[in-house]
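Below is one structure; the comments refer to it alone.
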């Protein structure tokens, strides 16, 4: 049984988990660093305990301090969210050894899937197709470089070097010719050591023109493992997802079943428990290959929730308490799209931005969901990831969902800091996105020299200020009289990013 959950995270995912706990009738504990003292997630928790320390390592990554707080508050479960300690097998092990329920898979499953080379070997043995390549186990740089060069002759170009302990694009390098290999390998190793303390990299064939498609899985202690369909996350920038949707626009029922069964086999191969995501590359030929497994809740989980009606966080809590999952056979209804709202300057190489959220007015209406940990008046600081919110929409069809996303982005007003809303809005009008024929190179191909806004900043700022002070009605009328699109009147903000210096 579980009665009180400590949420070992912050921001929007902490808010998401706290709400799910309350709906499940569970008491909650939030932990927070001093610079999060006024955050929304603290207000949502039944109890909130200040972490001592100043850096992330001294606060949200301090395992012993978090365990101590769990014991002090009587929390009998810990939910790690995503990021931070969510995929740290040593923390999961410490939690279970302290007789506290870990809301997630076993430490052994995290270890097997967290090391990308071990995961490849495990998947190959389970009959799950993996991308052609070779594992390089050498830790010594000289030995590793020799082995990588030898493997390159068998794998062929173009190829991808990937950190064994990697994630988020760190320790990853594309290599298109032999003369690039050694420097790329050295760079990948340096980055991997800095990010993960592990310099091992392996070699994979670089599959161009492929889609990034992932399968959501659930597994409980009663011997049941299922999949809940796919999400497509092909639209990426620097290996970070930008635009996610469910279902995949080009998926067939036969391919969904094949990928779903491969994902179930992957989970069963490591005795998985809880919610997890198995990521694949889907080649233009229809072949698919295992990329990795994320042993936690995903940032983009809401799109699966909207098309299946399954509350994934609630299922995590149910499974952690030893109950059977409540999901029936897979049923997907309609289409959902998610975009990530960041405090960043898309026109300046997507550099993070800071400043007050002087105005933060999210869109509303049917089929619109916002997962956020901020509100009007909060301050965007450089202390944490600059993601402000996830905007998710649902509609009966993909075309309707895309149009609903356009409308929602048009209505989203943020003043006080720079955001990427305008970039996201223009992305929704790109032909590849409209057709669903996107792949992992879409953004690089559309904007090879970086994104440039089509409307001058001064016009944009004036329109936003007018909207923020309630003077936009006349602007709407003037613009709508002058501009008609194929779907009818065009919003004056349809090409404007919601930002103000």
Check the stretch 65-76 and report whether any residue there is assigned to a loop (DSSP other than H, G, I, E, B), closer than 19 Å to residue 374 by Cα, touching a helix residue (DSSP H, G or I) at 6+ places or on another chain (Cβ under 8 Å) and at pLDDT 95 or above.
no
List the pairs whose first member sits in the stretch 367-382 and is touching a residue at least 12 places away in the same chain (Cβ under 8 Å), whose second member is surrounded by fewer than 19 Cβ atoms within 10 Å (Cβ to Cβ) and assigned to a strand (DSSP E or B), and whose Cβ atoms are under 6 Å apart, counting only residues at least 6 apart or on separate chains?
379/356; 380/355
Please work out if residue 223 is assigned to a loop (DSSP other than H, G, I, E, B) and under 24 Å from the mean Cα position of the chain (by Cα).
no
Of all residues being in contact with a strand residue (DSSP E or B) (Cβ under 8 Å, 6 or more places away or on another chain) and surrounded by fewer than 20 Cβ atoms within 10 Å (Cβ to Cβ) in the stretch 1-25, which is farthest from residue 104 (Cα to Cα)? Just the residue, please.
22
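Table: residues versus (1) at pLDDT below 95; (2) more than 23 Å from the chain's Cα centre (by Cα); (3) part of a loop (DSSP other than H, G, I, E, B).
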| position | (1), (2), (3) |
| --- | --- |
| 60 | no, no, yes |
| 104 | no, no, yes |
| 117 | yes, no, no |
| 146 | no, yes, no |
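Could you list, in sequence order, all residues of the stretch 156-173 that are touching a helix residue (DSSP H, G or I) at 6+ places or on another chain (Cβ under 9 Å), within 28 Å of residue 111 (Cβ to Cβ) and modelled with pLDDT of 90 or more?
Let us first name the residues in the stretch 156-173 that are touching a helix residue (DSSP H, G or I) at 6+ places or on another chain (Cβ under 9 Å), namely 157, 159, 161-168, 170-173.
Then drop every residue that is not within 28 Å of residue 111 (Cβ to Cβ), which leaves 159, 161-168, 170-173.
Within the stretch 156-173, 159, 161, 162, 163, 164, 171, 172, 173 qualify.
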Filter result for the condition that a residue is part of a loop (DSSP other than H, G, I, E, B), closer than 25 Å to residue 318 by Cβ, at pLDDT 95 or above and not assigned by TED's automatic domain parsing to the domain that holds residue 357, over 91, 84:
84
Right, residue 130: within 25 Å of residue 300 (Cα to Cα) and surrounded by fewer than 19 Cβ atoms within 10 Å (Cβ to Cβ) or not?
yes
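Could you list, in sequence order, all residues of the stretch 325-354 that are assigned to a strand (DSSP E or B) and surrounded by fewer than 18 Cβ atoms within 10 Å (Cβ to Cβ)? I'd like the intermediate steps shown before the answer.
We begin by selecting, within the stretch 325-354, every residue assigned to a strand (DSSP E or B); these are 335-342, 344-345, 351-352.
351, 352, listed by residue number.
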Consider residue 321 against the criteria (1) farther than 24 Å from residue 79 by Cα; (2) more than 22 Å from the chain's Cα centre (by Cα); (3) modelled with pLDDT of 95 or more: it satisfies all of them except one. Which criterion is unmet?
(1)
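Any residue that is in the same structural domain as residue 292 (by TED's automatic domain parsing), touching a residue at least 12 places away in the same chain (Cβ under 8 Å) and surrounded by fewer than 17 Cβ atoms within 10 Å (Cβ to Cβ) - is there at least one of those in the stretch 148-160? Break it down into steps so the answer makes sense when it comes.
Start the filter on the stretch 148-160 by keeping residues that are in the same structural domain as residue 292 (by TED's automatic domain parsing), which leaves none.
No, every residue in the stretch 148-160 fails to be in the same structural domain as residue 292 (by TED's automatic domain parsing), touching a residue at least 12 places away in the same chain (Cβ under 8 Å) and surrounded by fewer than 17 Cβ atoms within 10 Å (Cβ to Cβ).
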Pick from 442, 419, 372: which is buried (at least 22 other Cβ atoms within 10 Å of the Cβ), modelled with pLDDT of 95 or more and closer than 25 Å to residue 349 by Cα?
419
Suppose we filter the stretch 260-278 for residues that are under 12 Å from residue 230 (Cα atoms) and either in the same structural domain as residue 438 (by TED's automatic domain parsing) or surrounded by fewer than 20 Cβ atoms within 10 Å (Cβ to Cβ) (or both); how many remain?
1
Quick one: what pairs do we get from the stretch 279-290, first residue surrounded by fewer than 16 Cβ atoms within 10 Å (Cβ to Cβ), second outside any strand (DSSP E or B), C-beta under 8 Å, 6+ apart or different chains?
284/209; 284/210; 286/255; 287/129
For the list (1) closer than 15 Å to residue 292 by Cα; (2) outside the structural domain of residue 29 (by TED's automatic domain parsing); (3) touching a helix residue (DSSP H, G or I) at 6+ places or on another chain (Cβ under 6 Å), I need the number of the one condition that residue 138 fails.
(1)
Collect the residues in the stretch 62-85 that are at positive phi and within 23 Å of the chain's Cα centre (by Cα), keeping them in residue-number order.
81, 83, 84
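The values are calculated or read from the model by the stated rules, or taken from the named source; none is laboratory data. Fair warning: this is a prediction, and the values are worked out from it, not measured in the lab. Note that each Cβ is placed from the backbone with ideal geometry, even for glycine, and that neighbours are counted across all protein chains shown.
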